Amino acid sequence: RVGGRTIGVVCTEHVGPVRTWAPEEVNFSSSMADFVTLALESRERQKAQKALTESEDKFRILAETTDSAIFVFREHLLYVNPAMQNIFGYRCDEFLDMTLTDLVHKESHSLVKQFKHQYQAGIEESIRDEIRAIDKDGNERWIFISTALIQYEQQSAILATAFDITDRKRMEDQLRHQAFHDKLTGLPNRALFADRVEQDMARYKRQNDNRFAVLFLDLDRFKVVNDSLGHLIGDELLVETAKRICQCVRQSDTVTR
């Protein structure tokens, strides 16, 4: 994807019997697509940097016709292209009154400090990382950003290209949730339960006084419900049971199916 628009497809094929892709394989495949996107975005940034070196007018023509988000900043944003406006929803004049910190989640403020240090210290090495951002409507977005040190209006500044990876991050979160949670009740599944027990056992061995309990609950005559009322009603019973148990335990406790 470039500038939020799909321009091609990376196809990953399995040779052999039909099988279900594991979550980590889907993530790997998605990462391969991101690497291709990153290469294209990097090419756009290199073009922009070359155009800026040759002529600022040429840079603006390139930046304003590309699908890649391109922006220049020091303490404040100095330039943004239309693709940047499409991601965040701000008008160009609104951007120019803002800092990059205004656009990102507080958890990504440390990365913004790295960007500022990059131009203040004259570090030419590019920084590539994911940044958690907030658009004009308050929606959380994930952006992959790549930066380079340039001369802008006779002073050091940061030229950055960015692309929106929000959809991919949501898919990863969904796959991760599906891998460790029961589809029907939403409770942690056997794999996550085993991990939690291992952590508690390790903590107990380390501290000796941090005791914990494991309680197994069974629904007696559940088969009677399924046979007489149907599986849909049986599923509703499981979901309601899960809700009620969760209401009876502490936030630090784990209820699993």
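The values are calculated or read from the model by the stated rules, or taken from the named source; none is laboratory data. If you're wondering where the values come from, they're calculated on a predicted model, not measured in any experiment. Every residue, glycine among them, receives a Cβ derived from its backbone with ideal geometry; neighbour counts consider all protein chains shown. Just so you know, the surface numbers come from the protein's heavy atoms only, side chains and all, with ligands and any DNA or RNA stripped out. Shrake-Rupley method; radii C 1.70, N 1.55, O 1.52, S 1.80 Å.
Data table
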{"item": "Square roots of five times the Cα gyration tensor eigenvalues for region 2-49, Å", "result": "29, 10, 9"}
{"item": "Distance from region 82-115 to region 125-186 (C-alpha centre basis), Å", "result": "12"}
{"item": "Accessible area of the chain divided out per residue, in Å², using a probe of 1.4 angstrom", "result": "65"}
{"item": "Stretchable slack from CYS248 to THR12, in nm (0.36 nm times residue separation minus alpha-carbon distance)", "result": "80.4 nm"}
{"item": "Percent accessible area from carbon and sulfur atoms, the chain, protein chains only, probe 1.4 Å", "result": "51"}
{"item": "Cut-off under 5 Å, modelled amide H: who pairs with LEU78 long-range", "result": "VAL72, PHE73"}
{"item": "Residue-wise HN-Hα coupling along region 91-96, computed from phi with Karplus coefficients 6.51, -1.76, 1.60 (Hz; x: Gly, Pro)", "result": "6, 4, 5, 5, 4, 6"}
{"item": "Listed residues LEU219, LEU159, LEU187, most fluctuating in the chain (Gaussian network, C-alpha, under 10 Å)", "result": "LEU219"}
{"item": "Positive minus negative residues near ARG168 (Lys, Arg vs Asp, Glu; Cβ under 11 Å)", "result": "-3"}
{"item": "The chain, relative contact order [Cα under 8 Å, separation at least 6], %", "result": "15"}
{"item": "Of every Cα-Cα pair in region 82-148, the percent that sits beyond 20 Å", "result": "30"}
{"item": "Loop sites in region 50-131: trypsin sites (Lys or Arg not before Pro), DSSP, at most 14 other Cβ within 10 Å", "result": "ARG91"}
{"item": "Contour minus Cα-Cα distance for LYS58 and ILE123 (0.36 nm per residue)", "result": "20.9 nm"}
